[in-house]
1. Assigned to a loop (DSSP other than H, G, I, E, B), at negative phi and among the hydrophobic types (A, V, I, L, M, F, W, C) - does that describe any residue in segment 104-121?
2. What is the number of the single condition among (1) surrounded by 24 or more Cβ atoms within 10 Å (Cβ to Cβ); (2) free of Cβ contacts under 8 Å to residues at least 60 places away in the same chain; (3) small (Gly, Ala, Ser) that Ala144 does not meet?
3. Can you find, within segment 68-86, the residue that is nearest to Val147 (Cα to Cα) among those that are within 16 Å of the ligand (Cβ to nearest atom) and either in a strand (DSSP E or B) or in contact with a Gly (Cβ under 8 Å, 6 or more places away or on another chain) (or both)?
4. Does Ser38 fit the bill of being modelled with pLDDT under 95, surrounded by fewer than 16 Cβ atoms within 10 Å (Cβ to Cβ) and either within 16 Å of the ligand (Cβ to nearest atom) or polar (S, T, N, Q) (or both)?
5. Yes or no: Gly266 in a loop (DSSP other than H, G, I, E, B) and within 13 Å of the ligand (Cβ to nearest atom)?
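The values are calculated or read from the model by the stated rules, or taken from the named source; none is laboratory data. This is a predicted model, so every value here is computed, not measured. FYI the Cβ positions are ideal-geometry reconstructions off the backbone, even for glycines, and counts take in every protein chain you see.
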Amino acid sequence: MTVAEALRSAVMQLKTAGVSNAANDARRLLAHVMDASSEWLLLHADTRLSHAQQCQYEADIVARTAHRPVSQIIGKRMFWGRQFRVTEDTLDPRPETECLIEIALRKPFSRVLDLGTGTGCILLTLLAENPGASGLGTDLSAAAISVAQFNAAALGLDAQAGFAISDWFDRVEGSFDLIVSNPPYITADEMADLAPEVQNWEPHMALSPGGDGLSAYRRIADRVGDFLAPEGRVVMEIGPAQGAAVTGYFRAAGFTQTTVFPDLDGRDRVVVAAH
Ligand code: GLN
């Protein structure tokens with residue numbers, strides 16, 4: 001079977017299964033199996049797959065027809081130019097979260113706390129961009145912490161990054177001049193409307209705290225003052241309709257400067273709070 005034949009058959013299977021970006025996903029999955037780039041595939045339409053590659057590709061396409069996210073099938077995802085391991089125990093790093101990174105990097109920092117670190121993509125990106133900084137990533141999920149530790153080692157950041165299994169601040173000690181989080185914020189009602197890729201394959205605990213989707217921000221606002229250095233900032237991802245509620249919690253907790261920033265689509269995405 002050639003590259004062109006493999007792609008044609010995969011696209012048909014994915015379309016039949018209702019996968020929306022069939023052609024793109026078929027290329028990404030084949031590129032992974034052949035250890036090549038999508039561009040290479042375009043230029044090598046007549047190259048034949050080995051038997052092992054063909055078997056692997058068929059299995060990966062079957063997984064994708066079950067709506068398993070591409071990043072989980074290939075086990076990785078690019079975020080801010082670096083590669084992160086992704087499993088079913090971690091939220092798939094999303095491009096809109098790069099907006100949080102861009103805002104967090106606008107000011108210097110030396111000690112970072114990332115609450116609900118998942119793959120570690122936020123903490124590790126911030127530390128890679130600031131080699132003089134160090135930080136702590138927490139997660140309630142031990143499996144997620146293992147993935148974050150793997151990513152820290154793979155990126156050569158284990159001297160800068162520590163990790164702890166913790167329910168928000170429960171196991172956190174010390175003071176931080178940057179506290180970041182992309183907590184679960186989808187409401188219980190919205191969970192039902194998510195794409196099957198998200199609904200069936202990503203950890204619910206990383207997506208939704210249930211109810212109005214805001215309980216993680218209440219928990220963070222309640223205790224963040226005990227861990228934030230005097231000139232420190234809190235930078236959090238939010239859902240598009242949550243800016244007013246989240247800034248309200250932080251103002252009630254004594255933060256005088258609260259700002260909501262939009263993402264590249266113009267939807268509210270990040271809240272910054274400072275004293
Ligand atoms: N941004 C994610 C989504 O829309 C949700 C992530 C989160 O709850 N922090 O699927």
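1. Yes, because at least one residue in segment 104-121 is assigned to a loop (DSSP other than H, G, I, E, B), at negative phi and among the hydrophobic types (A, V, I, L, M, F, W, C).
2. Ala144 satisfies all of (1) surrounded by 24 or more Cβ atoms within 10 Å (Cβ to Cβ); (2) free of Cβ contacts under 8 Å to residues at least 60 places away in the same chain; (3) small (Gly, Ala, Ser) except (2).
3. For segment 68-86, the residue satisfying everything is Val86.
4. Against the criterion (modelled with pLDDT under 95, surrounded by fewer than 16 Cβ atoms within 10 Å (Cβ to Cβ) and either within 16 Å of the ligand (Cβ to nearest atom) or polar (S, T, N, Q) (or both)), Ser38 qualifies.
5. So Gly266 does not fit the description; no.
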